[in-house]
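This report refers to the structure that appears directly beneath it.
Just so you know, all these numbers are worked out from the coordinates, no wet-lab data involved. Computed from a predicted model, the values in this text were never measured in an experiment. Here the Cβ positions follow ideal geometry from the backbone for every residue, glycine too, while neighbour counts run over all protein chains shown.
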Amino acid sequence: MKIGTCIPGNSFIPDRTEEEKKLKLLTLIDGYNVSIENGFDFVESSIGFINSLSDGELVQAEKLVKDGKLRVEACNSFIPGELAVSGNIVDFLALEAHVEKAMNRMQILGGEIIVFGSGGARKIKDNSTHEKAVKQITEFLIMCGKKGEKYGITVVVEPLCLAECNIINSVAEGAEYVKAVSHPNIRLLADCYHMHKDNEPMQNITDFGEFLAHTHIAEPMKRNTPGCEGGEYIIEFINYLKKAGYNSRISVECGYPNFIADSRKAANFLKSVL
């Protein structure tokens, strides 16, 4: 298994000038370099951040990727809340254009995984129905599968806890969408924070492990640095991944009080567990 971490969307290097802090590409480079130096195998950013890079920065980033000095293997926050995936008003052409841009940029940055959590975009609105949302989300994922095949990107369905969304709330439910779409570029994610929040049984990891292609971890009580609260739940989560024969990425998604120091602690903890 490869260990990685989500990186900050804002500059975290103390001695950067105010002008340097405004440079998105420099923030991305800093996040990548610190993560690799601290012992992680890969980094995860957000689609919103990747899409905010200027065309000039994207050209520079492409050169860095080709030179082996930068790579963003995964991205989260796929669809912004204002771009609805379900509901009575869904602009499918706008969604398709957004997916195209996101995957094109991810391909340039060496990406392989996009996480479809996006609770605000996929949630069932008050005037809609669960049946309609299921159909719309499935159609969206079918489109993502085709685009993913074109760009070499896999979209993973992320189950979210009930406090954050009202549809796709368990690994078991997420697996139903993966099975319905039946495309190799549409897979499943398990997030230990969301599982803990809704008391989802760990057995779901082994029961639906064949569909998993990405995972998120954090200390589940406060969603903070792995290991800072003992790590017992994370250890159990990883043991179930092993039972399922999972051999892909584990990505830390948490609020680091200090990214440089605490991400190093997280990497060391995960290495000791694995």
Top-ranked residue of region 247-262 - restricted to ones that are more than 17 Å from the chain's Cα centre (by Cα), of a type outside the set (A, V, I, L, M) and surrounded by 15 or more Cβ atoms within 10 Å (Cβ to Cβ), ranked as nearest to SER77 (Cα to Cα): PHE259
Region 92-149 - residue that is of a type in the set (D, E, K, R) and surrounded by 20 or more Cβ atoms within 10 Å (Cβ to Cβ) and, of those, farthest from SER170 (Cα to Cα): ARG105
Pairs where the first residue, in region 84-98, is outside any loop (DSSP other than H, G, I, E, B) and the second is surrounded by 12 or more Cβ atoms within 10 Å (Cβ to Cβ), C-beta under 7 Å, 6+ apart: ALA94/LEU83; LEU95/LEU83; LEU95/VAL85; LEU95/PHE140; GLU96/MET143; HIS98/ILE79; HIS98/LEU83
Residue check for GLY120: in a helix (DSSP H, G or I), under 24 Å from CYS254 (Cβ atoms) and touching a Gly at 6+ places or on another chain (Cβ under 7 Å): yes
Test: residue in region 189-201 that is under 28 Å from PHE140 (Cα atoms), acidic (Asp, Glu) and buried (at least 22 other Cβ atoms within 10 Å of the Cβ): yes
Qualifying helices (runs of 4 or more DSSP H) (wholly inside region 141-246; at least 2 residues being among the acidic types (Asp, Glu)): 171-181, 232-243
Sole residue being among the aliphatic types (A, V, I, L, M), touching a strand residue (DSSP E or B) at 6+ places or on another chain (Cβ under 9 Å) and under 24 Å from GLY120 (Cα atoms), chosen from ALA267, ALA190: ALA190
Region 31-66 - residue that is acidic (Asp, Glu) and assigned to a helix (DSSP H, G or I) and, of those, surrounded by the fewest Cβ atoms within 10 Å (Cβ to Cβ): ASP55
